[in-house]
Every structure is written in structure tokens, then in C-alpha cells.
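In what follows, a single structure is set out as C-alpha cells and then discussed.
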Amino acid sequence: MRKIKEVLRLRFELGLGQRAIARACSISQSTVHEYLKRAEVAKVPWPLPEGWDQERVEKALFGEHRFIAQFPERVRPDFPALHALFQ
């Protein structure tokens with residue numbers, strides 16, 4: 001689960017720097033930087049508008065979720081036929 005809303009809150013309500021936010025959220029500083037940069041580009045306001053949940057914030061920063069198959073379906077070898085070849 002991404003911690004975008006918490007990163008934005010710590011930055012804009014408390015004025016914390018990226019390193020402090022990274023420590024507070026247990027994420028890398030580069031991730032904090034990416035979230036803040038994406039929020040700036042997407043012009044995400046703070047405080048967030050009424051009804052903006054985590055899903056809405058993610059959609060604003062990262063776009064629509066697309067499923068990417070990591071492991072394409074593979075054809076399994078015909079093991080009995082291979083076994084017969086070596087008999």
C-alpha cells in the first residue's frame with residue numbers, strides 16, 4: 001500500500017523535508033521525491049478535496065491501473081513424449 005497521502009500531509013502540514021518524511025513513513029527518499037514530484041505535476045491540491053481517498057490520489061499521480069502480466073502463460077513440454085525419446 002502506497003503512503004502518498006501521508007507523504008503529502010507530512011510535507012504540507014508539518015513542513016518536513018524528504019529525509020524526515022522517508023524515515024517517518026519507512027520508505028526511501030527517492031520514493032518520497034517521486035510522490036512529491038508527481039503531485040506537483042498533477043497539480044494535486046493540499047489539503048485534499050473532500051472525498052479524495054487513497055485510490056483517487058493514486059489515480060491522479062499514476063493514472064489508471066493497468067494489469068501487466070509478469071509471467072506470460074507458457075506451453076508446458078510434453079513430458080511423456082520426451083521421456084519416450086530417451087528410452
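The values are calculated or read from the model by the stated rules, or taken from the named source; none is laboratory data. Note that the structure is a prediction, hence the values are computed from the model and not measured. Here the Cβ is made from the backbone with ideal geometry for all residues, glycine too, and neighbour counts use every protein chain on show. Side chains are part of the model used for accessible areas, which takes the heavy atoms of the whole protein and leaves out ligands, DNA and RNA. Shrake-Rupley method; radii C 1.70, N 1.55, O 1.52, S 1.80 Å.
Residues checked against (1) touching a residue at least 24 places away in the same chain (Cβ under 8 Å); (2) on the phi > 0 side of the Ramachandran plot; (3) open to solvent by 50 Å² or more (accessible area, probe 1.4 Å); (4) among the hydroxyl-bearing types (Ser, Thr, Tyr):
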| residue | (1), (2), (3), (4) |
| --- | --- |
| LYS5 | yes, no, yes, no |
| LEU10 | no, no, no, no |
| LEU14 | no, no, yes, no |
| ALA24 | no, no, yes, no |
| TRP46 | yes, no, yes, no |
| GLN54 | yes, no, no, no |
| LYS59 | no, no, yes, no |
| PHE62 | yes, no, yes, no |
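Being free of Cβ contacts under 8 Å to residues at least 24 places away in the same chain, surrounded by 14 or more Cβ atoms within 10 Å (Cβ to Cβ) and not aromatic (Phe, Trp, Tyr): is that true of GLN87 here?
No: the conditions fail for GLN87.
So, VAL75, is that one surrounded by 12 or more Cβ atoms within 10 Å (Cβ to Cβ), of a type in the set (A, V, I, L, M, F, W, C) and without any contact (Cβ under 8 Å) to a residue 40 or more places away in the chain or not?
no
Quick one: in region 26-44, which of the residues that are exposed (fewer than 12 other Cβ atoms within 10 Å of the Cβ) and among the hydroxyl-bearing types (Ser, Thr, Tyr) is farthest from GLY63 (Cα to Cα)?
Initial filter on region 26-44 (exposed (fewer than 12 other Cβ atoms within 10 Å of the Cβ)): 26, 28, 30, 37, 40-41, 43.
Then drop every residue that is not among the hydroxyl-bearing types (Ser, Thr, Tyr), which leaves 26, 28, 30.
Numbers: SER26: 24, SER28: 22, SER30: 20 Å.
Only one residue fits best here, namely SER26.
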